[in-house]
Every structure is written in C-alpha cells, then in structure tokens.
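Please treat every number below as a calculation from the coordinates, not as lab data. Here the structure is a predicted model, which is why all the values come from computation and not from measurement. All Cβ positions, even for glycine, are placed from backbone atoms using ideal geometry, and neighbour counts span all protein chains on display.
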C-alpha cells in the first residue's frame, strides 16, 4: 500500500485553528470608549513602578506635575524636597492624566518617551509603562515600519488608555482608573478594593462574564467629588476621587474629597508660592472659611468657596444659606508619608484579591458592539456608562506563545509520512 501523502490543507486548517484558539486564550483586552467631540476629562492610570524612581522621574514619564501625583495618592506634600523622594520599585500609584477624544476614541496622547540604548518597543510598553500600552500601539502611533530599529533619543508618542463616561457612574460623580489586571487579581477582588461591584465593572467594561486575564486593562469607576467651575476656568471639569486630593491654580489651591463625601472642598495649598488674593469679595472670609450661627430657625451657614482659576486669578464665591442643623467639621482624607518600601498591606500595593470569586468561567467576548438603544446581555442598561473591548495582542505574539512541544508534535506529524 502506498504511503499516504500528507494533507497540507488539513494541517494548515489545524494550525490556524490552534493559533486562533491561542489568541482567544492569551490576548489581553482594554476598554474602548467611543467619542465624537473634542472635549476632555480628568482620568487616572494605575501604574506600577518598574524600578526605584524619584517622584519627579515618575511624573516625567507621563509629563504630569509631580505634586499632582503626590496629591492624587494622598501623600503629604509638606515633606522637604518631596519631589526628589525616591519611590520603591513595584509601588502601585495613581497617575492623574487628561483624557482626550482622538480619532473617535478616548485616549491620552500627551505622553512622550525619549528612547535610550537597549530600548525596544516591547520593553517600553511592558516594563517602563507597566503594560498600560502595547508595543503595537506605540508602533502604530508613531508610524514605525521596522520596530527592531529604534534610534537612541527618538521621541515616541505613548498612547495611554483612559475613559470619561461623562464623569458619572450610575448618575453619580465618578472618575475612571485604567487598571492593568495582575495574575493574582479576580474581578471580585478588584471590585472590593475600589468600593464598587462586580456588576458595575462588567457594565462599564462591556463584559460578558467575570473572567479576566493578566494584562487586561479595566476601566474602574471611583466615587468622586465633582466641581462646578465655569467653562472659561482652566480647571473646568475638575473631579477628585473620594479619599484623595488635587492641586490646582498654579499650586495655590488644594481640593479634597473627604471620606464618604460628595462635596468638593478647596482651601489654600500648603506650598509656599505666590498666589493671587483668596479673599471673598465683600467679606472678611478667606478661601475655605466657613462660619455657622445657630438660630431658632436652624443654622445660618456662610462660606467662601473656590470657583476656578482663570487668567492667573483665583475665583472665589461667597454663599449663605439656612440649614436645618449646623454642619460638622470638614473631613479630610488622611495624608501618608512618602512611601519608602512596599508591603502587601501597603495602601499603595496592588490590590490583594481572593483566589476565587465563586463565579463561572465564562469568557469575555473578544469584540463588543455597543447597542444604540435598549440593552442586551453583557451590556449595561440604558443610561449606564459602557465601552467596548479591544484586543491588545497580535497573532504573531500569540503564535510565539504556542507550547514548543505542541509545535514539534505537529511538525513530526507532517514530516513522518515523507520519511517512510
């Protein structure tokens, strides 16, 4: 009986099937928010330091204000020379960024990176920016034909993920954190760590199930206090996550969102800088001052509040109201010392997650189409924020991840008929 000839078509189909199956297993995803206007919003990135870095060096990686990095993490900025404080490797911090609408989707494109010797697109994406961007996204953003050739000192645009969702979550003020899933994470653990629910995370990220993969980038809604500054103010749209601070008005004003609060409270910052007047007109009250006077009808409350920063001027507003009872003292988020090491219980460490969330192993859909009306399984109800999922891996990357033993077996099966 003649030797059977190898069926190259069958082998090709089998190999393609295995490759595509592998893509489905390892391709990481990120949440994409479509947009159609030119507005922007405040957002946060969850970043893990790849090595020991000064506060100023971390800020330089993202082209943001070092003080804003500290206040976003409720780190005390009154420490001497705090901008040169060395933060430890593997520290997890929140980076405040501006989220824009670019080419029909939300992203941050204000970050640039200057290449150094031995840099590759993969090392920049996976190590330096801790998986917040992929090598392919950097290559496409900079129209790089040959990713194996990078010039030292080359200036690269680093597109970073972010979402706005109108600054709300279920109708309440929120700011969104782009969080890179770690191997120890579960959806239940992430939800618990950021005081939200599994359902909310699934709705926001258009997920069809609770399964997540290391490297996925989730949009995590954080309860926040929203400002109501006029549009002509440079800090219009300022929103501060619950339990943290924001610096504004050229370092003159510090705004906070106290524990369990929805009311933004602003006061003079502790930095020694030259600032415009912070006194409310027709009043002796300074920015942040509140007076209360008990009466038989209730409590008369007068306050001097911050209303934005425009043309180098701090805008203040005086308000008076009669309230049923006098307000208690302002609750401030607790400040922490600049961290010098990372522990599992550290407030800056990656969120610990339970080993199992008791959920099924349903997979997240590889692509999602946002419905225009109504709701579908795996999508949020009408009025809730929603995005779509985008694969960050490539077919070539997935092919490289195929087990070597499997590849050798397939090659042996193909060659063995020819050697008989």
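In 10 Å bins starting at zero, report the fraction of Cα pairs in segment 177-333 per bin as a rounded %.
Here the calculated profile for segment 177-333 is 10, 30, 26, 19, 12, 3, 0.
Hey, what's the Cα Rg ratio for segment 98-231 versus the globular rule of thumb, 2.2 N^0.38 Å? Please list the in-between numbers first.
Working: Rg = 17.0 Å, N = 134, 2.2 N^0.38 = 14.1 Å.
With N residues counted in segment 98-231, Rg over 2.2 N^0.38 Å equals 1.20.
Taking a ≥ b ≥ c as the square roots of the Cα gyration tensor eigenvalues, with a/c under 1.5 meaning rounded and otherwise prolate when a/b beats b/c, else oblate, which class fits segment 91-171? Walk me through the numbers before you get to the answer.
Numbers: a/c = 2.69, a/b = 1.82, b/c = 1.47.
Since a/c reaches 1.5 and a/b is larger than b/c, the shape of segment 91-171 is classed as prolate.
Could I have the simple spin-label model distance between residue 211 and residue 57, label points 7 Å from Cα toward Cβ, reported in nm to one decimal?
With each label point 7 Å from Cα toward Cβ, the separation is 4.0 nm.
Any idea what the alpha-carbon Rg over 2.2 N^0.38 Å comes to for segment 248-336? Provide the component values of the computation, followed by the final result.
Details: Rg = 14.2 Å, N = 89, 2.2 N^0.38 = 12.1 Å.
For segment 248-336, the normalised Cα radius of gyration is 1.17.
How big is the Kirkwood radius of segment 199-266, worked out from every pair of different alpha carbons and given in Å to one decimal?
Numbers: mean 1/r = 0.0709 Å⁻¹.
Answer for segment 199-266: a Kirkwood hydrodynamic radius of 14.1 Å.
Go through 220-228, 54-62, 240-248 and give me the packing order, highest mean Cβ count within 10 Å leading.
Numbers: 220-228: 21.8, 54-62: 18.2, 240-248: 24.3.
Top to bottom by mean Cβ count within 10 Å: 240-248, 220-228, 54-62.
Checking the a/c ratio against 1.5 first, then a/b against b/c, what shape does the Cα gyration tensor give for segment 156-223? Write out the running numbers ahead of the final one.
Numbers: a/c = 1.75, a/b = 1.02, b/c = 1.72.
Oblate, because a/c is 1.5 or more while a/b does not exceed b/c.
Mind giving me the FRET efficiency for residue 313 and residue 291? R0 is 22 Å, r the Cβ-Cβ distance, nearest 0.05 is fine. Spell out each step's value before the answer.
Numbers: r = 24 Å, r/R0 = 1.10.
Using R0 = 22 Å, I get an efficiency of 0.35.
Using the basic label-point model (7 angstrom from Cα toward the beta carbon), what is the residue 109 to residue 326 distance in nanometres?
With each label point 7 Å from Cα toward Cβ, the separation is 5.5 nm.
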